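Below is one structure. I have some questions about it.
The values are calculated or read from the model by the stated rules, or taken from the named source; none is laboratory data. Given the structure is predicted, the values throughout are model-derived calculations rather than measurements. Every residue, glycine among them, receives a Cβ derived from its backbone with ideal geometry; neighbour counts consider all protein chains shown.
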Amino acid sequence: MVAVRLKDLKNKSRIILALDDPGKLKEKKLLTNIANEVAGVKIGLPLVLSRESSDIINTLSDAGAYILADFKLADIPYVMIKTIEGIMDYVNGVISHAFIGREAIAQLLEFLRKHEIELFLVVAMTHKGAEEFINSLAEKFIHIARELGVSGVVAPATFPEKICLARNLLGDAIILSPGVGAQGAEVGSAIKHGADFEIIGRLITESENPLVEVNRINRIHLSILSSLNSNYRKFS
Ligand code: BMP
């Protein structure tokens, strides 16, 4: 498989489609059309354990989609690597938790680099309970991400201050941000706070016309990006 980096897909779209329950997107042509309009597709356990999983993954691979495997890995390196070995023929990127610590992440990263697969670390989460434990350690996780030079991090649109923190500490590493749409944050809000991509699931998969919805979101992102660029030019 040719190595693809998510950062090289920023001109295509700023949407990472979360395909937890594909709904209408089980239809091959629709899924192919949508794969052509988003930067990447995130798949996780709900999809991989479903009956349609292999058809959907084949469609995505045939469409040349960037496939991000989100099993939120959080285990000993041996088990994380075994898990990836089962899917590495078709994935371009992998998400793991950061709380497993530097040493385990470094071992996972070494394996992924050999296979030209990108690694993204969860540094904070979107749901309310995230404030109880994980989000209070976000800064430490971001430092680990920077130190190890992973491709990027996952930071929540529902707690945008975590996106700002990650952007300030990470320079130009990629920030992926879930929480837009079904979880309450507005489309484009994460990008305004410094994220590169918005991870969006149900807003698209449960919409009346998912392709129209993807195009609508792409247009919102474009208009935000062009106003951010013109503001930037004003001050530079
Ligand atoms: P939705 O847009 O339907 O809420 O989906 C959000 C997606 O982002 C889900 O696939 C979920 O696993 C992921 N996600 C999240 O919602 N919060 C996080 O903190 C981290 C995630 O990866």
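Give me a count of the residues in segment 105-135 that are part of a helix (DSSP H, G or I), in contact (Cβ under 8 Å) with a residue 24 or more places away in the chain and within 16 Å of the ligand (Cβ to nearest atom).
Just the residues of segment 105-135 that are part of a helix (DSSP H, G or I), to begin with: 105-114, 128-131, 134-135.
Narrowing further to those that are in contact (Cβ under 8 Å) with a residue 24 or more places away in the chain: 105-109, 111-112, 130-131, 134-135.
Still in the running and within 16 Å of the ligand (Cβ to nearest atom): 130-131, 134-135.
Final tally of qualifying residues: 4.
Anything in segment 84-108 that is of a type outside the set (S, T, N, Q) and farther than 15 Å from Phe71 by Cα? List them, or say none.
Asp89, Gly101, Arg102, Glu103, Ala104, Ala106
Restricting the search to segment 73-101, which residues are surrounded by fewer than 14 Cβ atoms within 10 Å (Cβ to Cβ) and farther than 23 Å from Ala3 by Cβ?
As a first pass, look at segment 73-101 and keep what is surrounded by fewer than 14 Cβ atoms within 10 Å (Cβ to Cβ): 76, 78-79, 82, 85-86, 89, 101.
Listed by number, the residues that qualify are Ile76, Tyr78, Val79, Gly101.
Inspect all residues belonging to segment 3-20 and state whether any of them is free of Cβ contacts under 8 Å to residues at least 40 places away in the same chain and of a type outside the set (D, E, K, R).
Scanning segment 3-20, I find at least one residue that is free of Cβ contacts under 8 Å to residues at least 40 places away in the same chain and of a type outside the set (D, E, K, R), so the answer is yes.
If you don't mind, another one. Quick one: is Ile95 within 15 Å of the ligand (Cβ to nearest atom), within 17 Å of the chain's Cα centre (by Cα) and modelled with pLDDT of 95 or more?
Judged against the criteria, Ile95 is a match.
Please work out if Ile199 is in a strand (DSSP E or B), modelled with pLDDT of 95 or more, under 15 Å from Ser13 (Cα atoms) and among the β-branched types (Val, Ile, Thr). Write out each step before concluding.
On the way: in a strand (DSSP E or B): yes; modelled with pLDDT of 95 or more: yes; under 15 Å from Ser13 (Cα atoms): yes; among the β-branched types (Val, Ile, Thr): yes.
Criteria met by Ile199.
Can you tell me which residue within segment 164-173, out of those that are outside any loop (DSSP other than H, G, I, E, B) and more than 14 Å from the ligand (Cβ to nearest atom), is nearest to Val94 (Cα to Cα)?
Of all residues in segment 164-173, those outside any loop (DSSP other than H, G, I, E, B) come to 164-170.
Those still in the list that are more than 14 Å from the ligand (Cβ to nearest atom) too: 164-165, 167-170.
On the way: Cys164: 23, Leu165: 22, Arg167: 20, Asn168: 23, Leu169: 22, Leu170: 19 Å.
Of everything passing the filter in segment 164-173, Leu170 is nearest to Val94 (Cα to Cα).
Report, ordered by the first and then the second residue, all pairs with beta carbons closer than 6 Å, sequence separation of six or more or different chains, a first member in segment 146-162 that is within 11 Å of the ligand (Cβ to nearest atom), and a second member that is polar (S, T, N, Q).
Listed pairs, sorted by first residue: Ala155/Ser177; Pro156/Thr126; Ala157/Ser177; Ala157/Ser189; Thr158/Thr126; Thr158/Gln183.
Among residues belonging to segment 1-36 that are part of a loop (DSSP other than H, G, I, E, B) and of a type in the set (Asp, Glu), point out the one that is nearest to Ala157 (Cα to Cα).
Top of the filtered list is Asp20.
Of everything in segment 62-80 that's touching a Phe, Trp or Tyr at 6+ places or on another chain (Cβ under 9 Å) and away from the ligand (no atom under 16 Å from the Cβ), which residue is farthest from Ser96 (Cα to Cα)?
Pro77
Here is a follow-up. Condition first: β-branched (Val, Ile, Thr), touching a Phe, Trp or Tyr at 6+ places or on another chain (Cβ under 8 Å) and closer than 17 Å to Leu225 by Cα. Now tell me which residues in segment 146-188 satisfy that.
Result: Ile174, Ile175.
Further question: Check whether at least one residue in segment 206-226 is surrounded by 14 or more Cβ atoms within 10 Å (Cβ to Cβ), near the ligand (Cβ under 9 Å from one of its atoms) and in contact (Cβ under 8 Å) with a residue 40 or more places away in the chain, and report yes or no.
There is at least one residue in segment 206-226 that is surrounded by 14 or more Cβ atoms within 10 Å (Cβ to Cβ), near the ligand (Cβ under 9 Å from one of its atoms) and in contact (Cβ under 8 Å) with a residue 40 or more places away in the chain.
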